């Protein structure tokens, strides 16, 4: 992951984190130490990424990066209904 000078927390992300009992510390740790598992280069206004950190509980964070600013879009615990056991691979539908 590239160097990030600061984070901008989108309202949607903060609402979902509160609903899902996900802390800011967990999100920042995931962004800084997690693995990029999907890339959305055509997203606007900035390209975005899906980042995974397993830790004690798997966590997905969707972020957009512009230079050294990281916009936190949403955070959630991946579901076994949608992802394989590695939490990286989407299940075929």
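Values in this text are rule-based calculations from the coordinates and carry no lab data. Note that the structure is predicted; figures quoted are calculated from it, not measured. Glycine also receives a Cβ, built like all others from the backbone with ideal geometry; neighbour counts cover every protein chain displayed.
Identify, please: which residue in the stretch 69-91 is out of contact with any strand residue (DSSP E or B) (no Cβ under 9 Å at 6 or more places or on another chain) and exposed (fewer than 11 other Cβ atoms within 10 Å of the Cβ) and is, among those, farthest from residue 59 (Cα to Cα)?
Of everything passing the filter in the stretch 69-91, 81 is farthest from residue 59 (Cα to Cα).
Considering the stretch 4-22 alone, what residues qualify as being surrounded by 11 or more Cβ atoms within 10 Å (Cβ to Cβ) and under 25 Å from residue 85 (Cα atoms)?
Across the stretch 4-22, the qualifying residues are 13, 16, 17, 20, 22.
Across the stretch 30-50, what is the total count of residues that are closer than 16 Å to residue 78 by Cβ and surrounded by 15 or more Cβ atoms within 10 Å (Cβ to Cβ)?
6
If you check every pair at least six apart or on different chains, which have Cβ atoms under 8 Å apart with a residue in the stretch 39-68 that is touching a residue at least 60 places away in the same chain (Cβ under 8 Å) first and a residue that is assigned to a loop (DSSP other than H, G, I, E, B) second?
Partner pairs satisfying both residue conditions: 65/2; 65/4; 65/46; 65/47; 68/2; 68/3; 68/4; 68/5.
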